[in-house]
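The structure appears right after this line, and notes come after that.
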Amino acid sequence: MNQHLTRTERSAPARQFTVLLSPTRRGARLARLLTTAHLSDWGLPVEPAAHIVAELAANAAVHGRVPGRDFRLGLAVHRDELLRIEVTGTRGEQLPVASAPSADAESGRGLLIVEALADRWGTVTGPVPRKTVWAELDLVPRPLHRVAETTTRWTASR
């Protein structure tokens, strides 16, 4: 007798979305609208994720634009505990840095906003010429002792 065993694996997130968009203001606006639609469909809070996407997509359109190459927006929910946002562009040689602009500057605050809204954020380079800027939002509140440990480690590393 030949028996078939079935094994279910959950290595991939149950809810994920990826799309290529033009590195323009219209593409950045569409990234925010698509994020809002997908998070609503998934029953997740729209803010602050939509605002983070708007900032990262605007950066991809302004600073990461290469004629003829799109940027990629990725959303993934992991174990119903974490939302990961990724924006991948084609200017890997320019890594973003969150820094305070001058008081009268009209731009330059996007990554400061991302840093304030996200639980974690960072960059990943490659494959050449790409770079991905990611942000994570905890969907489940963390116990206070874990928040204090993370804050202590973050403060000590600065």
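The values are calculated or read from the model by the stated rules, or taken from the named source; none is laboratory data. It should be emphasised that the depicted structure is a prediction, and the values quoted were computed from it without experimental measurement. Here the Cβ is made from the backbone with ideal geometry for all residues, glycine too, and neighbour counts use every protein chain on show. Only protein heavy atoms, including side chains, enter the accessible area calculation; ligands, DNA and RNA are left aside. Shrake-Rupley method; radii C 1.70, N 1.55, O 1.52, S 1.80 Å.
Numbers at a glance
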read-out	value
Qualifying residue in region 50-57 (condition: over 29 Å from residue 128 (Cβ atoms) and over 16 Å from the mean Cα position of the chain (by Cα))	no
Qualifying residues in region 45-59 (those that are touching a residue at least 60 places away in the same chain (Cβ under 8 Å) and open to solvent by less than 30 Å² (accessible area, probe 1.4 Å)) - the one farthest from residue 140 (Cα to Cα)	56
Those strands (runs of 3 or more DSSP E) lying entirely in region 48-158 with at least 1 residues among the acidic types (Asp, Glu) and at pLDDT 90 or above	82-89, 131-138
Test: residue in region 22-39 that is open to solvent by 70 Å² or more (accessible area, probe 1.4 Å), assigned to a loop (DSSP other than H, G, I, E, B), modelled with pLDDT under 95 and not β-branched (Val, Ile, Thr)	no
